[in-house]
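Take a look at the structure below.
The values are calculated or read from the model by the stated rules, or taken from the named source; none is laboratory data. Predicted model, so just to flag it, every value in this text is computed and none were measured. Here Cβ is always computed from backbone atoms with ideal geometry, including for glycine, and neighbour counts include all displayed protein chains.
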């Protein structure tokens, strides 16, 4: 999102997507029979949030109005947003510091050397757009195709959606890919106007039918660790536990470390 008008459109679409996923029954409203559209009507959501239907409609139309914290809180409750979705709503509504013109922070040599120190465990440092700034040989072994010959930094989002081998390596490709795309969606709200994120999203839309299908669902997510099942070159499946750490003084840089928690199997 490169300007306020685009951010208002994003806010409008996010509100609409969340309104349409809630049924009147879930919201505690009486059923009124068959509906032409899914979820709540605008006037029903406005009633639940304690605001005028006209004013809420202006929000969904992307008009140039500013919602207060109290209004956003009421909408978050009425829409049954979780904590992460609530934060995304507030950022889209302009209640978070605007991102500065982005540019990757330099990677200190001492930090760049850490993944090599962690060999043979896969380890790497990524920035805020999932560019890989430093990695060890084990990373290339478990994520084949991550490093390309086009001169660009390796990028885990591009690899997941645009590298065919990713679908073989990630045993649970669809949930992993959807979760990653939800985190990218979160970035667009946290850093509106970041051209690097915009270019990445454009590239994903061009190259992935799944991105074109899932992006309009406005799923958002945060994650700092978990488990992944990866298929090794010999066909075995290894479950890895992974943990992420922010680099001190460089919150856009994250060290990710993988450790096998089970032995390869058929």
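Kindly evaluate residue 137 against the criterion of being free of Cβ contacts under 8 Å to residues at least 12 places away in the same chain, under 25 Å from residue 245 (Cβ atoms), loosely packed, with under 13 Cβ neighbours inside 10 Å and not assigned by TED's automatic domain parsing to the domain that holds residue 15. Reasoning before the result, please.
Numbers: free of Cβ contacts under 8 Å to residues at least 12 places away in the same chain: no; under 25 Å from residue 245 (Cβ atoms): yes; loosely packed, with under 13 Cβ neighbours inside 10 Å: yes; not assigned by TED's automatic domain parsing to the domain that holds residue 15: yes.
Criteria not met by residue 137.
Scanning for something at pLDDT 90 or above, closer than 23 Å to residue 3 by Cβ and part of a loop (DSSP other than H, G, I, E, B), does region 91-101 turn up at least one residue? Yes - at least one qualifying residue is present in region 91-101.
Look at (1) touching a strand residue (DSSP E or B) at 6+ places or on another chain (Cβ under 7 Å); (2) farther than 25 Å from residue 6 by Cβ; (3) modelled with pLDDT under 95 and you find that residue 142 fails only one, number (3).
Quick one: in region 119-130, which of the residues that are assigned to a loop (DSSP other than H, G, I, E, B) and touching a strand residue (DSSP E or B) at 6+ places or on another chain (Cβ under 6 Å) is surrounded by the fewest Cβ atoms within 10 Å (Cβ to Cβ)? Selected residue: 121.
Identify all residues within region 148-192 that are in a loop (DSSP other than H, G, I, E, B), surrounded by 14 or more Cβ atoms within 10 Å (Cβ to Cβ) and in contact with a strand residue (DSSP E or B) (Cβ under 8 Å, 6 or more places away or on another chain); write none if there are none.
Initial filter on region 148-192 (in a loop (DSSP other than H, G, I, E, B)): 148-154, 163-165, 171-172, 191-192.
Filter once more, so that each one left must be surrounded by 14 or more Cβ atoms within 10 Å (Cβ to Cβ): 148, 153-154, 163, 171, 191-192.
Listed by number, the residues that qualify are 153, 154, 171.
Restricting to region 225-253, count the residues that are over 18 Å from residue 130 (Cβ atoms), free of Cβ contacts under 8 Å to residues at least 24 places away in the same chain and loosely packed, with under 14 Cβ neighbours inside 10 Å.
2
The numbered conditions (1) modelled with pLDDT of 95 or more; (2) touching a helix residue (DSSP H, G or I) at 6+ places or on another chain (Cβ under 8 Å); (3) not in a helix (DSSP H, G or I) are all true for residue 133 except (1).
Among all residues of region 19-35, there is at least one that is within 27 Å of the chain's Cα centre (by Cα), at pLDDT 85 or above and either under 14 Å from residue 61 (Cβ atoms) or not in a loop (DSSP other than H, G, I, E, B) (or both).
With the structure loaded, tell me whether residue 44 is more than 15 Å from residue 14 (Cα to Cα) and surrounded by 12 or more Cβ atoms within 10 Å (Cβ to Cβ) or whether it fails that test. Steps first, please.
Values: more than 15 Å from residue 14 (Cα to Cα): yes; surrounded by 12 or more Cβ atoms within 10 Å (Cβ to Cβ): yes.
Yes.
Scan region 57-71 for residues that are surrounded by 15 or more Cβ atoms within 10 Å (Cβ to Cβ), at pLDDT below 90 and part of a helix (DSSP H, G or I) and the total you get is 1.
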